Each structure stands twice: as structure tokens, then as C-alpha cells.
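Chemist: Below: one structure in C-alpha cells.
The values are calculated or read from the model by the stated rules, or taken from the named source; none is laboratory data. Predicted model only: the values in this text are computed from it and were never measured. Note that we place each Cβ from the backbone using ideal geometry, even for glycine, and neighbour counts take in every protein chain shown.
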Amino acid sequence: MITDKKILELEKKANDIRKSIIEMLVEAGSGHTAGPLGMADVFTLFYFHILKHDAKNPSWEDRDRFVLSNGHICPVLYATMAHAGYFPVEELKTLRKFGTRLQGHPHREYLPYVETSSGPLGLGLSQAVGMALADRMDKKDGERFIYCFTSDGEHDEGNTWEAIMLAGKNKLRNLIAVVDRNNIQIDGFTENIMPLEPLPEKYRAFNWHVIEVSGHDFRALDEAFVEAQSIYEKPTIIISHNIPGKGVKEFERDYKWHGKVPNKEEGKMALAELEKNSFRN
Amino acid sequence: MLNPKLKLNPKIFNADVEQMSIRKGFGQGLLLAGEIDKNVVALCADLVESTQMNIFTEKFPERFVEVGVAEQNLVTIASGMAAMGKVPFCSSYAMFSPGRNWEQIRTTIAYNDRPVKIIGSHTGISVGPDGGTHQALEDLALMRVMPNMEVFSPCDAIEAKKITLAIAKSGKPAYLRLAREKTPVITTEETPFEIGKAEIYWMPDIGMAQVGIIVTGDLMHRVLMIAKELETENIKIKVLNLATIKPIDVKIITELAKETKAIVTVEEHQVMGGMGSAVAEVLAQNFPVPVEFIGIQDKFGQSGTPEELVEHYGMGKNAIKEAVKKVLKRR
């Protein structure tokens, strides 16, 4: 069970990560805002409480594997990794600039701490399925988990469903996926662009264990991961209901913030709002 | 004469030369690679027997993943397995892999630099009766433009086996082009194969060659027959087997151009972007000489026997001979 003290600590950390996201996006001048802010709580809990990893020894053989499928939300990945000690927080300011390790979409040739390069949608889950299959072949599927974070929008991609089908067929118990169910994609709301509901029933039909949870409730999120780790016969999908742009009222729930970044003024306003949150904590 | 150093099949020009499909050579090679390295695994998209992967899967069923008719999944799952230390071989028809899943291969295998091996069977016009949808004529172009990717196109089953063994331990992404039909066995177990090194298969008995013919794939047998015939017409030929399209053997291609001052390229592939284009890139930068290109001229295929189709699309004996004579005049 996660303690109240730990939750407070994580809330503060998530707020710091959101501030870093705003700072790096303003500096970069391009990128995505809504997704990274919406997933900040999930990433914080994941890196600081769930994932088996070691920032000082990133290639540790027994680490869990984490595949970020929707690479465009990488500001939250980079910010979380920096706060977790993989590289200096200062380096976040190099996002998207020439010569940076922090490419516009993650590239493992530049940043070997990420397990896969990503960006083009619909490719992460099947790579995670491959990792889970390899661990099963090597009888290591009881020793670590393969995690994959996906977006709801990339469930439009056929490749995502090919992966879901194969994971269900092979009963990959060591595979835990999270979908960032924030209901927006570039052109609008997911249910207008290409309806995904009933998403839980679809996953169940493909023989997955399904958990629905608020992506901003640390206790519930923690319980969801613990439950997923306990399921023996099936892969698990955690449908994390997230508020896009979470933490900055002006950005929340507006799909227009999917693929654009705050200008300097908007950035100041957002940081001031997040600053108030940190005092509240 | 056949290059005596290479120990090619002495029965090449006999009517009873052994026939074996290039895809079968791959199947045998994969079994051997699997015996050598326990990390070699196989994935297939519902074409196990057709791509000759069954030779491996019967021996190592626990190292095989059947993904169903899902080529995008085929290669992305393979990339994930490679991330965990496996050496995955993925087979399908080339029209679907790398035809359908090119971006998946680019992002998850080439960009990630994962040692996944893409095996494209049923390439070239000689796929025959299945018709244009199933005849992969663009695969070499698709794969050779991809950074980190190595590209191979063997001339016979034995060379296919050797390439399979070589790419199993190369540590790099690779594309291996296979053909469906049984074709004459040109090489022997003793014939050398090394990644990136092309070999002269035919040379004049004495003196310099007047034309260099650069061949990839199973049209090699036809070209060797032509070289032998042209010898009687006093046209001296050197024939180069270019089994590694990438990394390309710049040295031997340039030497051949310096000697002959005239090159003909022969492949069962679109002329645009294929092996001939790769050769032209080398020559334009190092030693420009006239080049004639034998291959598919910006067209789709159709149903027919392999022989009918090779003739119809301008890769038959007469077409190649004419190209040789034409390039001789352009020297």
C-alpha cells in the first residue's frame, strides 16, 4: 500500500515535472503540451514507485522494460527521467535543438536510456509484445514486467490491434499496457474523429484484463498497477482516464493544445499557476 | 571461362544441372543458424512452408512465433525480441514485407539499429502465375534507401544458405531477397561468400574483357550461358555476381569499369532504384562509363510462366545480348 506521505511526495514531484514540461516547451518553441501535462501524474508514480530501474545503471539487465509508444509526449518522459536522475534537469532546455540528446521524438541512438525510438504511432505495443515473448522464451517472464504506454489516438492504427490480438492469443502475463485515455487527438475529440468506445469491452474481447482508473489519483493508480502485476493468465490494459493539459486550467480538455506549445506569456501564466499548486502542497 | 578460383558448379552448362529454389537455401541456412546460435528465432505471417521456414520450425518449435496475416506486427514484434537479445528472422512474401510494412521496418528496426532479418520471398517477375500483385519488383529499392540496412540478393540456393548464416551473426538489420522457382545451382559449398564482397564468376580465357555484366539474383545462370555464347562471337565478357547490394563493393565495380569501359546490369527488379541504379551511383562517382540496364522498365507484371514473363519484360537472352552489343558501340 502506498502511504499518504508518499502520495504527497509524488504530488509535489509531479508538479515539478509539469513545471519542467512548460519550461522546456516554451524554450523549444514547438512540440506537444496537452498529452505530457495529462500524463505527468502517471509518469511520476510509474518512475518513482512502480518501475524497476536504476538511473545510475540504466543498462541493468534485470530492469523492467518500458516502451513509450506515443513518442510525441516525450517532454513528460524526458522531464521525469531528468528528475529521476538520468541526466541533469538543465539539459531539458536542449529539447528539439541541434545536437541534443532530447530529440523531438525519442531516439535511442541519441538517448540510449530509452528502450526504443518512437514517434510514428501504433508501433510501441507490438515491440513490447516482442519483448514479452522473448522473456517468455527465456523463462524470464516471472522476473520482470514489460510496460508500454500508448495513446488513445493511436488505437486508430491497425498495427495496435494486431499487437493486442497477438498478446491475447499468447496470454502474455508479463505485459502491462497503459492507454492515455484523454479523449483528444490532433483534429479533435477521439469519439468524433474515430470512436474507440466501448474500449474496455474491445480489450476484453481480445482476452485482456482491463482496469479503468483516474490518471490523477495516485492511490487508485498504484492499486491498478499492483492489480495488473497480480494477473496471471492475461496481459493487462490500464485505461487511465486523463485530463489533457492537467494542471493548467487554460490548457485543460482543449484539443487545440494537443500539438502546440505555450508562447512566453502563456508559459509565464502556466508556471505561475503551477507555482501556486506547489505552495498548496 | 568460369572463374577457377571460385569452385563454381562444374555442371553449370549441362542440361542436367541440379535445380533448387533460392528460398529452400534460406530454409536450410536458417536451420543451421539456429543450431549455431540459440538466440536465433523465427517469425512468420502465415506463410511458413511457402517461405521454407518450416525446416527451422519443425526442429525449434519453441523458438517460432506465428503472427498470422499481419506483416506490420511481424516486424515490430521482431524488433522487440531483438531488443531482448534475440536474432529474429521474419519471413513473408516481399510484396507484403517489406512492401506493406516499410515504415515499421524503418522506425523500429533500421532507426533502432536492431539486428532483425527481413526475408522477402517470391520476388521478381518469375513469381509467375500469381500475377502482378504478388511479383515484388521494387523491394531492393525500398530497402537499399534505408540507413543501417544491409541488402542481399543471392544467385542460387547455396549462396542463399551462406548469406543466411552470415547475416545471423552480422549484428545488423538485413534484407534477404528470395525467389520462388527452382533454378540452377551455380555455386558450391566451397565458393566463397563474404558480406560486401562481389565476385567475378566468368572471365575471358586470355586478355581483357570488353564488357562487364553485373548480375544479381537467379538471372545469373542465363547470363553465364550468354557469356559462353558470346565467347564464340569473340566478345569477351566478365560477369560479376553482386549478391550484396548494400554495402556495395565499390572496388570491384570500379575495377571492372576501368577494364571494360562498358557495363550491363541485369536484375529481376525495376530498373529505377534497383541494383543497376546502385551500380550507376558507384560508377558516376568513381569511373563513369556507358551502362545499359536490363530489368523491369517502369511496369507492373502479369500472369504467365516465368520464362514467358522474363522474355516479355525484356530480360530474355536476346535482350541481354542486344544490350551487350549496344553498350559495346557506346564505349
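Chemist: Which of the residues spanning the range B:1-30 are in contact with a helix residue (DSSP H, G or I) (Cβ under 8 Å, 6 or more places away or on another chain), part of a helix (DSSP H, G or I) and surrounded by fewer than 22 Cβ atoms within 10 Å (Cβ to Cβ)?
Modeler: B:24, B:28
Chemist: What about residue B:126, is it more than 14 Å from chain A (Cβ to nearest Cβ) and not in a loop (DSSP other than H, G, I, E, B)?
Modeler: Values: more than 14 Å from chain A (Cβ to nearest Cβ): yes; not in a loop (DSSP other than H, G, I, E, B): yes.
Yes: the conditions hold for residue B:126.
Chemist: Suppose we filter A:251, A:218, A:189, A:225 for residues that are within 14 Å of residue A:35 (Cα to Cα) and under 19 Å from the mean Cα position of the chain (by Cα); which single one remains?
Modeler: On the way: A:218 fails: within 14 Å of residue A:35 (Cα to Cα); A:189 fails: under 19 Å from the mean Cα position of the chain (by Cα); A:225 fails: within 14 Å of residue A:35 (Cα to Cα).
Only one candidate passes the filter, namely A:251.
Chemist: Out of the range A:223-243, which residues are modelled with pLDDT of 95 or more, closer than 28 Å to residue A:165 by Cβ and in a loop (DSSP other than H, G, I, E, B)?
Modeler: A:231, A:234, A:235, A:242
Chemist: OK, next. Tally time: how many residues in the range B:113-123 are within 10 Å of chain A (Cβ to nearest Cβ) and either surrounded by 24 or more Cβ atoms within 10 Å (Cβ to Cβ) or touching a Cys at 6+ places or on another chain (Cβ under 9 Å) (or both)? Full working, then the answer.
Modeler: Residues of the range B:113-123 within 10 Å of chain A (Cβ to nearest Cβ): B:113-114, B:116.
Filter once more, keeping what is either surrounded by 24 or more Cβ atoms within 10 Å (Cβ to Cβ) or touching a Cys at 6+ places or on another chain (Cβ under 9 Å) (or both): B:114, B:116.
Of the residues in the range B:113-123, 2 are within 10 Å of chain A (Cβ to nearest Cβ) and either surrounded by 24 or more Cβ atoms within 10 Å (Cβ to Cβ) or touching a Cys at 6+ places or on another chain (Cβ under 9 Å) (or both).
Chemist: Filter the range B:54-77 down to the residues that are more than 9 Å from chain A (Cβ to nearest Cβ) and polar (S, T, N, Q) and list them by number.
Modeler: B:54, B:57
Chemist: Tell me, please, whether a residue that is more than 14 Å from every other protein chain (Cβ to nearest Cβ), touching a residue at least 40 places away in the same chain (Cβ under 8 Å) and of a type in the set (Asp, Glu) can be found in the range A:152-163. First the steps, then the outcome.
Modeler: Looking only at the range A:152-163, we keep the residues that are more than 14 Å from every other protein chain (Cβ to nearest Cβ), and these are A:152-153, A:155.
Then drop every residue that is not touching a residue at least 40 places away in the same chain (Cβ under 8 Å), which leaves A:152-153, A:155.
With of a type in the set (Asp, Glu) added as a condition, the list becomes A:152.
Within the range A:152-163, one or more residues are more than 14 Å from every other protein chain (Cβ to nearest Cβ), touching a residue at least 40 places away in the same chain (Cβ under 8 Å) and of a type in the set (Asp, Glu).
Chemist: Can you confirm whether residue A:173 is more than 12 Å from chain B (Cβ to nearest Cβ), under 26 Å from residue A:200 (Cα atoms) and not aliphatic (A, V, I, L, M)? Before the answer, list the steps.
Modeler: On the way: more than 12 Å from chain B (Cβ to nearest Cβ): yes; under 26 Å from residue A:200 (Cα atoms): yes; not aliphatic (A, V, I, L, M): yes.
Against the criterion (more than 12 Å from chain B (Cβ to nearest Cβ), under 26 Å from residue A:200 (Cα atoms) and not aliphatic (A, V, I, L, M)), residue A:173 qualifies.
Chemist: Report yes if some residue within the range B:78-101 is of a type in the set (Val, Ile, Thr) and facing chain A (nearest Cβ under 9 Å); otherwise report no. Break it down into steps so the answer makes sense when it comes.
Modeler: We begin by selecting, within the range B:78-101, every residue of a type in the set (Val, Ile, Thr); these are B:87.
Now drop any that are not facing chain A (nearest Cβ under 9 Å), which leaves none.
Checking the range B:78-101: not a single residue is of a type in the set (Val, Ile, Thr) and facing chain A (nearest Cβ under 9 Å).
Chemist: Moving on. Hey, does the range B:231-240 have a residue that's in the same structural domain as residue B:321 (by TED's automatic domain parsing), at pLDDT 95 or above and under 16 Å from the mean Cα position of the chain (by Cα)?
Modeler: yes
Chemist: Here's a follow-up. Is the range B:125-136 home to any residue that is within 16 Å of the chain's Cα centre (by Cα) and under 23 Å from residue A:120 (Cα atoms)?
Modeler: Filtering the range B:125-136 for residues within 16 Å of the chain's Cα centre (by Cα) gives B:125-127, B:135-136.
Those left that are additionally under 23 Å from residue A:120 (Cα atoms): none.
No.
Chemist: In addition: Do we have any residue at all in the range A:62-77 that's touching a residue at least 24 places away in the same chain (Cβ under 8 Å), away from chain B (no Cβ under 14 Å) and over 27 Å from residue B:106 (Cα atoms)? Before the answer, list the steps.
Modeler: First, pick out the residues of the range A:62-77 that are touching a residue at least 24 places away in the same chain (Cβ under 8 Å): A:62-77.
Remaining after also requiring away from chain B (no Cβ under 14 Å): A:73-77.
Those still in the list that are over 27 Å from residue B:106 (Cα atoms) too: none.
Among the residues of the range A:62-77, not one is touching a residue at least 24 places away in the same chain (Cβ under 8 Å), away from chain B (no Cβ under 14 Å) and over 27 Å from residue B:106 (Cα atoms), which makes the answer no.
Chemist: Looking at the range A:135-142, is at least one residue away from chain B (no Cβ under 14 Å), out of contact with any Phe, Trp or Tyr (no Cβ under 9 Å at 6 or more places or on another chain) and at pLDDT below 95?
Modeler: Within the range A:135-142, the subset away from chain B (no Cβ under 14 Å) is A:142.
Next cut, out of contact with any Phe, Trp or Tyr (no Cβ under 9 Å at 6 or more places or on another chain) only: A:142.
From what is left, the residues that are at pLDDT below 95 are A:142.
Yes, the range A:135-142 has at least one match.
Chemist: Test residue B:51 against the stated conditions and say whether it is in contact with a helix residue (DSSP H, G or I) (Cβ under 7 Å, 6 or more places away or on another chain), more than 11 Å from chain A (Cβ to nearest Cβ) and farther than 30 Å from residue B:202 by Cβ. Can you show your working first?
Modeler: On the way: in contact with a helix residue (DSSP H, G or I) (Cβ under 7 Å, 6 or more places away or on another chain): yes; more than 11 Å from chain A (Cβ to nearest Cβ): yes; farther than 30 Å from residue B:202 by Cβ: yes.
Yes; evaluated as a whole, the condition is true for this residue.
So that you can scan it fast, the table gives a plain yes or no per residue for (1) of a type in the set (Gly, Ala, Ser); (2) part of a loop (DSSP other than H, G, I, E, B):
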| position | (1), (2) |
| --- | --- |
| A:20 | yes, no |
| A:42 | no, no |
| A:52 | no, yes |
| A:55 | yes, yes |
| A:67 | no, no |
| A:79 | yes, no |
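Chemist: Further, regarding this structure: If a residue counts only when it is in contact with a Pro (Cβ under 8 Å, 6 or more places away or on another chain), which helices (runs of 4 or more DSSP H) contained entirely in the range A:137-209 have at least 1 such residues?
Modeler: Values: elements: A:158-169, A:190-193, A:199-205.
In the range A:137-209, A:158-169 are the helices (runs of 4 or more DSSP H) which contain 1 or more residues that are in contact with a Pro (Cβ under 8 Å, 6 or more places away or on another chain).
Chemist: Report, ordered by the first and then the second residue, all pairs with beta carbons closer than 7 Å, sequence separation of six or more or different chains, a first member in the range A:107-131 that is more than 7 Å from chain B (Cβ to nearest Cβ), and a second member that is assigned to a loop (DSSP other than H, G, I, E, B) and of a type in the set (A, V, I, L, M, F, W, C).
Modeler: A:111/A:102
Chemist: Of these, B:65, B:40, which one is without any contact (Cβ under 8 Å) to a residue 40 or more places away in the chain and not aromatic (Phe, Trp, Tyr)?
Modeler: Values: B:40 fails: without any contact (Cβ under 8 Å) to a residue 40 or more places away in the chain.
After ruling out the rest, the residue left standing is B:65.
Chemist: Taking the stated definitions as given, is residue B:68 surrounded by fewer than 23 Cβ atoms within 10 Å (Cβ to Cβ), modelled with pLDDT under 95 and either not in a strand (DSSP E or B) or not small (Gly, Ala, Ser) (or both)? Working first, answer last.
Modeler: Numbers: surrounded by fewer than 23 Cβ atoms within 10 Å (Cβ to Cβ): yes; modelled with pLDDT under 95: no; either not in a strand (DSSP E or B) or not small (Gly, Ala, Ser) (or both): yes.
So residue B:68 does not fit the description; no.
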